[in-house]
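Q: Quick one: structure below, then a few questions.
The values are calculated or read from the model by the stated rules, or taken from the named source; none is laboratory data. Computed from a predicted structure; not experimentally measured. So basically every Cβ, Gly included, is an ideal-geometry build from the backbone, and we count neighbours across all protein chains shown. Side chains included, ligands, DNA and RNA excluded: accessible areas come from the protein's heavy atoms. Shrake-Rupley method; radii C 1.70, N 1.55, O 1.52, S 1.80 Å.
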Amino acid sequence: MSDTIVKTTDLSVAFKVKKDLVPAVRQVSLSLEKGRTLVILGESGSGKSTYMKALLRILPHDAAIDGAAEFMGEDLLLKNEKEMRELRGDRISMIYQDSLSALDPMYKVGDQVIETIRAHRKSVSRAEAREQAEQLFVKVGIPSPRERMRTYPHELSGGMRQRAVIAMSLCCSPYLLLADEPTTALDVTIQKQILNLFLELQEKDGMSIMMVTHDIGVAAQVADEIAIMYGGIIMEYGSTREVLEEPANPYTRALIAALPKSGDRGRLVAIDGQPPTIVSMPSGCPFSDRCAYATQICKSSIPHLTPVTQTHQTACHLYERKEE
Amino acid sequence: MIRVILKRIGLAFLTLFGVTVIVFALLQMMPGEPIDSIVPLDASDALRQAIIEKYGFDKPLYVQYFCWLGNALRGNFGNSVSDNRLVLTIVSEALHNTLILALGASIVAFLLSIVIGVYSAYRPKSILSWVGTIFGIGGISIPNYCLSLILIGIFSVTLHVLPSNGMYFSGDYSFSSLLRHLILPALAAGAMTLGIMTRMVRSSVAETRNRSFVTTLRAKGLSEPAIMRHVLRNSFPTLLTVAGLQFGYLMGGSTMVETIFSWPGIGLIIYQSIFTSDFPTTQAAILIVAVIFVSINLIIDLLRIVADPRLRK
Amino acid sequence: MKKRTRALAFTLTLAMLLVCAFSGCAPQEQASSPTPAPAESSAPASNQPDEGTTGGTLTIAMTCGALPNTDSQPTQGQEGYRFVSFQLYDALVKWDISSETEASTIIPGLATSWEQDPNNPKQWTFHLREGVKFHDGTDFNADCVIFALDRVMNPDFEYYSTSCAASVGNFLANIESYAKVDDYTVTIDTVQDNNAYLIYDLPYVMIPSMQAVMEKGDGFADDPVGSGPFKFVSKIAGQEIVMARNDNYWGNVAKIDTLILKPIADPSARLAALQSGEVDWAEVVPVESVTALESQGYQIKLNDYPHAWLYIMNTESGPFADARVRQAFSMSIDREGLCRDMLLGVGTPLAQLMYPGSPWHADVDEYDYDVEGAKALLAEAGYPDGFTTTFVCPTSGSGNMFPQMMNEYIQKCAAQVGINIKLDMSESERVWDVMKVGFKDEYAEVGALNTSFYTMFPNVFQKFAGTGGSFNTGNYSNPEYDACIEKAYAATDPEESTGYFIQAEEIFAEELPWVIVCNDRNLRVLAPHVKNFVQSQSWYADLTTVTIEK
């Protein structure tokens, strides 16, 4: 399976909250292939960002990671800090929602890109790195790249800034790009541009993208596969078409039903109740206290992913029962 | 930006003008007439008259003030009443000596506080961090008079390794002689700065480390030293402000340390000139200290603009 | 590039600061060129008797915070005279400071003898010493004396110095005029007739090298030239004055090679400098350290000398205008206890103005400690229940010993007899202000002023308690007392004159216009290797006999 870029098996992350270990991510098994885009869709607090950070191993020290994670056949969890450092920014890159707070306000954007290049390609001179950075700016569609490189983060507009961040993440031609809500802070028009940029880059370089968002519209635009995450577990996982047009999980259905019909970007507000926080997680299925179909077994045991089709799985006791 | 700078400079001058008026007025309000401190009780009339003429005591106060101010602006501060040397010479020598002390204290305090502060921010529960906290609190709490005597007691009297007074060994005016004499007073004077700066560095660094861009830096695969460079650079503007103010205080306020160590600096000059009613010297010295303090503040403001790109708009 | 220029600007500023600070680091030395800095201690470890050992460096820690001026008249009061003026310069006459057991008297200096003109009681003729050379080789003669007097008395003189005149002003009040008779004779006319006590003022009028003053003008103080036992080598403001032995001195040639004076204002720091070996001699160390120092081998030097710690009483108004009240106050003070327990022997009890060794000490019963007697007197004066009053006291000041501690002790003593004293402690300048204003206006409620004074001049009788005396703050006026003083001045026979002063002292001890508490004993500590110093009964120190054993 040399085409699998990253794969996790039963990956769990728990945080120490006053002597207790509180789970944030529970036995998440996902995989992503070369040149494909996986979107993890979920509300805030669902554990999606934590999952991505766990892959890069940039969680705080008191986080306990369990299970297995592989990147291009190598065990991510067994690597030491030095090895992870070599991976980060080089073969796996991450970009964030808030580009302003993601960049160091004291350094020019060009320098921050150059710094990344030189951190991973020791033999590159400053002048060469500057050339490369300029090329990257052109690649991500930033006009007047040379002048832009000499600006500070706060001097750029949101869209330009996000492009700069993307340029920074691409500087070493990563195999995998992790994107944490990359367009949430942007206008609709800019958002569209950025998403198209992702698709372009993916086509050109064959990069895999794992994106996290709470916006179904974004998922629909770019995802090859979608994983719906709620309460730390994957509720549904499959190809974009199947998950969005033939949802098998009550949560997914509720999400889609909650979309405003006018077709502009959706906000997940219309489901009754609140998503659980990690300290107030219900036992059993996390959605059980909001689900219209919840039964006794839903409240007592966590559902596991069961296949619907070859490319579609869902985690729901009701579905399991239907099969029986 | 030029306008901002000019406005700040203008305000600085206004402040200094106010300081001169206040100093002049305060000295006049001290008990007794200035002249009575200079003229002996037994003096002949001729002597009294000569002294009045020389120092202009017969003119009305505002005339005395403006004469003094006018001369001062031209660098002529008159002669010291106590020993007839040019006040300008006395004050500039003293200033020079205090500058040495302030620099010594600052360098020690700043370097140590950065080392301890950064270390404490990274390893808050370590022993060095704990020791650093104790020293920091001690530095702020122990009056520098006590600290001076303690240091002298340990290093001069008991261990005989460091001298306890003056700036040089008699006859040896080399740099190493100066350095040995500088160590104890610099420690005593810098203790408070060390305490304040350590805490500031630690909290600033700790706070900066929690900001999102640091996660980005780690996600980029930068090594810890490179990340620390970014963290320090971001803490820098706040620390610069505090450091500059502390340096200003050291320049003007090390009187106690200077007295104990007989370090002939400007604090000591001000103190003594008040006791000998040497008003020309007192006025000049206080004015100089005020000028320095205001200038340092001004420079810090300007440096902040330079250091923090976000302030440049 | 902007980043680089910024960093460069930063570094440049810092570098400039550092350069400013450390360049001129070798301080401005004012050295007189012909004398090279003498070698450090050259005394060999030898078996030579103490008397003969020459060489070595004596470093003294003074109490003043700033160095005394090296001009022809010093600053920093008596300490300036003691360590600077009397070492660099001579005057016409000087104090005899060679004996520990005898009171100090006036002996010839640059004048070998003097006499009063039988026809003109105001005029005194001084015969000058021949063959004396200043440190620069020029000769001493009458012109130099006239020059020195003009320098501080004649504002129109080209080389008149206002600051010198102000420093010595207190000692010039008696001099009306002066003239040269011939190269080695001068006359001085006094203001009052028969002022035989002119010679008590003259030790303080120092005589600089006329040539040097004329050449250097305002720069004279930076490179002074006198005729004294030590010559000026260098001075670094705030740090030290260095002097070297004058091998051609007309009097006792000093034994040590080099004398270094350091100003260390804080008593604990002074003590530390002595204990760390940085100085060989410390003036006035904290009293508590004396026992320990003694056990470590340091030499504790104490001797009575004319220096009284006292209260100037408000004899003008308030309860203390009544002599009985003043006597009662004096009787309430446990002087023995104070000197023994608080001062640990650094002072001796004294209830009259002149200390026992003084020629004008009166052999009378004094108003010393007697609580019951005090209460009885107070009742007699109309204060059976005592009263409340305020004393103005200094917090420090040279010669004032330990004012806070001592005043509080006396406050307790006085409370025993019903006198409740409120202590108004402030800086020593305020004392001079009260003396100037008097016990009126803002000081009308003040009962007494605490200070200390020298008492080696007979003119203090008139100044302190004579009608119209310049230090007579309380405006005390007693015709009988004044008459004694007049007679003392009018008498031509010295013994008769002294007798009248003793009578004045008897009245003083009885009337107590100033209540005296104790006599300072001039505490100083010398390192074990400093030998042959004679602590005389005076304010001054003869450094020519000192030897260093190292």
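Q: Students often forget the sequence filter, so: which lysines lie under 20 Å Cα-Cα from C:LYS216 once same-chain residues fewer than 8 apart are removed?
A: C:LYS133, C:LYS231, C:LYS235
Q: Okay, next question. So which aspartates and glutamates pass the test for B:LYS125, namely a Cα distance under 20 Å, with those fewer than 8 places away in the same chain ruled out?
A: Hits, sequence-local ones excluded: A:ASP62, B:GLU207, B:GLU224.
Q: Let me ask you something else. With labels modelled as points extended 7 Å from the Cα through the Cβ direction, what inter-label distance (nm, one decimal) is found for B:TYR122 paired with A:VAL279?
A: Using points 7 Å along Cα→Cβ, the separation is 3.1 nm.
Q: Right, here's the next one. Round to the nearest 10 and give me the degree value, 0 to 90, for the angle of helix A:109-120's Cα axis relative to the longest principal axis of chain A.
A: Once rounded, the angle reads 80 degrees.
Q: Same structure again: With each label point set 7 Å from Cα along the Cα-Cβ vector, what nm distance links C:LYS422 and B:PHE169?
A: Modelled inter-label distance: 5.6 nm.
Q: How would you rank C:397-408, A:153-164, B:256-267, highest first, on the average number of other Cβ atoms within 10 Å across their residues?
A: B:256-267, A:153-164, C:397-408
Q: Here's something else I'd like to know. Cα atoms only: what Rg and Dmax, in Å, come out for the stretch B:2-73?
A: Rg then Dmax for the stretch B:2-73, in Å: 17.2, 60.
Q: Taking the Cβ-Cβ separation of C:VAL371 and B:TYR145 as r and a Förster radius of 56 Å, what is the calculated FRET efficiency to the nearest 0.05? Before the final figure, lay out each step's value.
A: Numbers: r = 39 Å, r/R0 = 0.70.
FRET efficiency, C:VAL371 to B:TYR145: 0.90.
Q: Within the P(r) computed for the stretch A:101-173, what percentage of the Cα pairs occupies the region above 21 Å? It would help to have the intermediate numbers written out before the result.
A: Values: 387 of 2628 pairs.
Looking at the stretch A:101-173, the distances longer than 21 Å represent 15 percent of pairs.
Q: Take B:LEU111, A:LEU30 and sort them by solvent-accessible surface of the protein heavy atoms, 1.4 Å probe, largest at the top. Before the final figure, lay out each step's value.
A: Working: B:LEU111 110, A:LEU30 5 Å².
Per-residue accessible area, sorted high to low, gives B:LEU111, A:LEU30.
Q: Next question. Considering only protein heavy atoms, with the full assembly of protein chains and a 1.4 angstrom probe, order B:THR255, B:THR216 by accessible area, largest first. Don't skip to the answer; put the middle values down first.
A: Working: B:THR255 35, B:THR216 10 Å².
Sorted by accessible area, descending: B:THR255, B:THR216.
Q: Right, something else. Which of the aspartates and glutamates could a cross-linker bridge to C:LYS122, judged by Cα under 14 Å and excluding same-chain residues fewer than eight apart?
A: Leaving aside aspartates and glutamates fewer than 8 places away in the same chain, those within reach of C:LYS122 are C:GLU176, C:ASP189, C:ASP193.
Q: Tell me, what is the FRET efficiency for C:MET405 and C:ASP385 to the nearest 0.05, using R0 = 30 angstrom and their Cβ-Cβ distance as r?
A: Numbers: r = 28 Å, r/R0 = 0.94.
Calculated transfer efficiency: 0.60.
Q: If one puts a single equal scatterer on every Cα of the protein assembly as shown and applies the Debye formula without solvent, what log₁₀ I(q)/I(0) results at q = 0.05, 0.06 Å⁻¹?
A: For the requested q values the scattering log ratios are -0.54, -0.67.
Q: Here is a further query. Given a Förster radius of 35 Å and the C-beta distance between A:VAL138 and A:LEU77 as r, what FRET efficiency does 1/(1 + (r/R0)^6) yield to the nearest 0.05?
A: Values: r = 38 Å, r/R0 = 1.07.
Efficiency at R0 = 35 Å is approximately 0.40.
Q: A follow-up question, please. Give, in nm to one decimal, the length gained when the segment between B:LEU26 and B:LYS59 is fully stretched (0.36 nm per residue of separation minus the Cα-Cα distance). Spell out each step's value before the answer.
A: Values: separation 33, 0.36 × 33 = 11.88 nm, distance 1.78 nm.
Gain in length upon complete extension: 10.1 nm.
Q: Right, next: Return the calculated 222 nm mean residue ellipticity for chain C, to the nearest 500 deg cm²/dmol, obtained by summing -39500 (n - 2.57) across DSSP H runs with n ≥ 4 and dividing by the residue count.
A: Taken over chain C, the calculation gives -8000 deg cm²/dmol.
Q: For chain C, list the DSSP H helices whose alpha carbon atoms reach 24 Å or more along the long axis and whose average Kyte-Doolittle value is 1.0 or above? Intermediate results must be reported in sequence, preceding the final value.
A: Numbers: long enough: C:2-22 (30 Å, 1.02); C:494-511 (25 Å, -0.62).
What comes out of the filter, once short or polar helices are dropped, is C:2-22.
Q: Need one value: the accessible area of B:PHE169 in square angstrom, 1.4 angstrom probe, rounded to the nearest 10.
A: 70
Q: Related question: Run the helix sum for chain A: -39,500 (n - 2.57) per DSSP H stretch of 4+ residues, divided by residue count, reported at 222 nm to the nearest 500 deg cm²/dmol.
A: Values: 13 runs with 115 residues, N = 324.
The helix-only estimate for chain A comes to -10000 deg cm²/dmol at 222 nm.
Q: On C-alpha positions alone, give me the angle between the axis of helix A:158-170 and the longest principal axis of chain A, in degrees, nearest 10.
A: Helix A:158-170 sits at roughly 90 degrees to that axis.
Q: Which net charge results when you count Lys and Arg as +1 and Asp and Glu as -1 among the other residues whose beta-carbon is under 13 Å from that of C:GLU445? It would help to have the intermediate numbers written out before the result.
A: On the way: positive: C:LYS422, C:LYS440; negative: C:GLU316, C:ASP424, C:ASP441, C:GLU442.
Local net charge: -2.
Q: Roughly what % antiparallel, to the nearest 5, for the DSSP beta bridges in the protein assembly as shown?
A: Values: 89 of 128 bridges.
Bridges in the protein assembly as shown that DSSP calls antiparallel: roughly 70 percent.
Q: While we're on this one: Could you pull the accessible area for A:LYS79 with a 1.4 Å probe, rounded to 10 Å²?
A: Looks like 30 Å² after rounding.
Q: Computed over the Cα atoms of chain A, what is the convex hull's projected area averaged over all directions, in nm²? Show your work: numbers first, answer last.
A: Numbers: hull surface 70.2 nm².
So the Cα hull casts an average projection of 17.5 nm².
Q: Now, a different point. If you scale each eigenvalue of the Cα gyration tensor by 5 and take the root, what three semi-axes come out for the stretch C:176-276, rounded to whole angstrom and sorted largest first? List each step's numbers first, then the result.
A: Values: eigenvalues 222, 75, 47 Å².
Semi-axes (√(5λ), whole Å): 33, 19, 15.
Q: What angle do you read, to the nearest 10 degrees and between 0 and 90, between the alpha-carbon axis of helix A:126-139 and the longest principal axis of chain A?
A: That works out to roughly 50 degrees.
Q: At a threshold of 8 angstrom on Cα-Cα distance, excluding pairs fewer than six apart, so keeping six or more, what relative contact order does chain C reach in percent?
A: Working: 1165 pairs, mean separation 112.7, N = 550.
It comes to 20 percent, rounded to a whole number.
Q: Remind me, relative contact order of the stretch B:88-312 in percent, using alpha carbon pairs under 8 angstrom and six or more residues apart?
A: On the way: 270 pairs, mean separation 63.5, N = 225.
It comes to 28 percent, rounded to a whole number.
Q: Each label point is 7 Å from the Cα along the Cα-to-Cβ direction; what then is the distance between the points at A:ALA64 and B:ASP301, in nm?
A: Taking the simple label geometry, A:ALA64 and B:ASP301 are separated by 5.6 nm.
Q: May I ask for the percentage of alpha-carbon pairs in chain C that lie more than 39 Å from each other?
A: When every Cα pair of chain C is considered, 33 percent fall beyond 39 Å.
Q: A further question on this structure: On the first, second and third principal axes, largest extent first, how far apart are the outermost C-alpha atoms of the stretch B:88-312 in Å?
A: For the stretch B:88-312, the Cα spread along each principal axis is 65, 45, 32 Å.
Q: I need the helices of chain B that pass two filters: whole DSSP H segments spanning 24 Å or more by Cα along the axis, and mean Kyte-Doolittle score no lower than 0.5. Don't skip to the answer; put the middle values down first.
A: Details: long enough: B:2-29 (41 Å, 1.89); B:87-122 (50 Å, 1.77); B:175-209 (42 Å, 0.72); B:224-253 (39 Å, 0.46); B:279-307 (41 Å, 1.98).
The qualifying helices are B:2-29, B:87-122, B:175-209, B:279-307.
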